[in-house]
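Written out below as structure tokens is the structure these notes cover.
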Amino acid sequence: MPLIALSSCRKIEDYRQAILHAGGEVRVVDASIGVEEALDGVDGLVLSGGGDVDPSRYGEPPHPAISEVEPERDAFEIGLITAARRRDLPIFGICRGVQILNVAAGGSLVQDIPTQLPGAINHCLSVPQHLPYELAHEIWVEKDSLLARLMGDRLVGSDTCEVNSRHHQAVKTVGPGFRVSATAPDGVIEAIEDPAARFCIGVEWHPENFWRTGEFRALYEGFLEEAAKTR
């Protein structure tokens with residue numbers, strides 16, 4: 001089974017279970033260890049959710065809505081991304097994970113969707129008021145993307161599907177080399193990918209919350225299939 005480095009967060013269990021149920025093994029990693037040690041012997045990298053990325057990382061002053069910034073985590077995960085991309089390891093970023101992936105690639109973020117994008121739909125359905133797997137809005141997936149190929153069963157006869165949503169930030173300027181592979185109806189970027197990489201995708205929703213029912217298992221299976229080739 002491919003061994004996956006999973007960046008640590010406060011709600012790690014669903015991420016871990018999603019990888020295990022799709023056929024992978026998990027090594028949870030955090031800033032208490034070095035980047036090279038974290039990636040030693042692993043076959044892929046999953047970047048989990050969490051607090052906001054420090055705006056200084058993309059050259060902006062902080063918006064008043066910025067919270068839970070962890071500079072040490074930012075530095076560690078940017079190091080992980082840089083090293084994993086240098087090794088051409090498969091990378092899968094989720095929520096904060098897609099945001100730090102984009103920042104590491106030289107992109108920027110919308111710091112607060114409600115105040116900076118007037119008229120945007122609600123992208124932040126809070127828990128416990130809403131169930132973690134409660135569907136919030138549609139996404140529109142680019143037909144010729146890797147994301148579309150992975151999610152083919154959910155996109156039968158259409159280029160849309162519904163996702164859950166818990167983010168107040170999003171990709172703004174896409175990092176060089178990346179492309180947008182999904183958007184929400186309001187234009188907010190919901191997924192990016194690097195066409196030049198073996199597998200490098202980030203999504204804003206939380207597919208890990210569906211590990212029991214499998215609606216997004218194909219994302220993990222595609223990631224793990226590629227990770228298995230690392231060895």
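Quick rundown of the values:
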item	result
Qualifying residues in the range 37-74 (those that are open to solvent by 50 Å² or more (accessible area, probe 1.4 Å) and not in a loop (DSSP other than H, G, I, E, B)) - the one farthest from ASN209 (Cα to Cα)	SER56
Answer from PRO128, PRO114 - the residue that is part of a loop (DSSP other than H, G, I, E, B) and either of a type outside the set (Phe, Trp, Tyr) or touching an Asp or Glu at 6+ places or on another chain (Cβ under 6 Å) (or both)	PRO128
Selection count, the range 80-94, where residues are open to solvent by less than 10 Å² (accessible area, probe 1.4 Å) and outside any helix (DSSP H, G or I)	5
Single residue of the range 150-164 satisfying the filter (under 16 Å from the mean Cα position of the chain (by Cα) and within 18 Å of GLY187 (Cα to Cα)) that is surrounded by the fewest Cβ atoms within 10 Å (Cβ to Cβ)	ASN164
Identity of the residue in the range 13-30, part of a loop (DSSP other than H, G, I, E, B) and open to solvent by less than 40 Å² (accessible area, probe 1.4 Å), that ends up nearest to ARG85 (Cα to Cα)	GLY24
Qualifying residue in the range 165-177 (condition: over 19 Å from LEU20 (Cα atoms), in contact with a His (Cβ under 8 Å, 6 or more places away or on another chain) and open to solvent by 30 Å² or more (accessible area, probe 1.4 Å))	yes
Residue satisfying all of: in the range 1-12; more than 22 Å from GLU68 (Cα to Cα) and touching a Leu at 6+ places or on another chain (Cβ under 6 Å); surrounded by the most Cβ atoms within 10 Å (Cβ to Cβ) among these	ALA5
Selected residue (only one of GLY59, GLY41, GLY34 is free of Cβ contacts under 8 Å to residues at least 12 places away in the same chain, of a type outside the set (D, E, K, R) and over 29 Å from PRO132 (Cβ atoms))	GLY34
Residues that are out of contact with any Asp or Glu (no Cβ under 6 Å at 6 or more places or on another chain), assigned to a loop (DSSP other than H, G, I, E, B) and either hydrophobic (A, V, I, L, M, F, W, C) or open to solvent by less than 30 Å² (accessible area, probe 1.4 Å) (or both), drawn from the range 178-190	VAL188
Residue identified as within 18 Å of the chain's Cα centre (by Cα) and of a type outside the set (D, E, K, R) among GLY119, GLY107	GLY107
Hits in the range 194-205 - residues which are of a type outside the set (A, V, I, L, M, F, W, C) and either modelled with pLDDT under 95 or open to solvent by less than 10 Å² (accessible area, probe 1.4 Å) (or both)	GLY202, GLU204
Residues of the range 190-228 satisfying the condition of being closer than 22 Å to GLY106 by Cα and within 12 Å of the chain's Cα centre (by Cα)	GLU190, ALA191, ILE192, GLU193, CYS200, ILE201, GLY202, VAL203, GLU204, TRP205
Positions within the range 138-156 being charged (D, E, K, R) and within 25 Å of ILE121 (Cα to Cα), in sequence order	GLU138, GLU142, LYS143, ARG154
Options LEU147, LEU101, LEU135: the member that is open to solvent by 10 Å² or more (accessible area, probe 1.4 Å) and either assigned to a helix (DSSP H, G or I) or under 17 Å from ASN209 (Cβ atoms) (or both)	LEU135
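The values are calculated or read from the model by the stated rules, or taken from the named source; none is laboratory data. Note that the coordinates shown come from a computational prediction; the quantities given were computed from them, not determined experimentally. FYI the Cβ positions are ideal-geometry reconstructions off the backbone, even for glycines, and counts take in every protein chain you see. Surface areas here come from the heavy atoms of the whole protein model, side chains and all, with no ligands, DNA or RNA. Shrake-Rupley method; radii C 1.70, N 1.55, O 1.52, S 1.80 Å.
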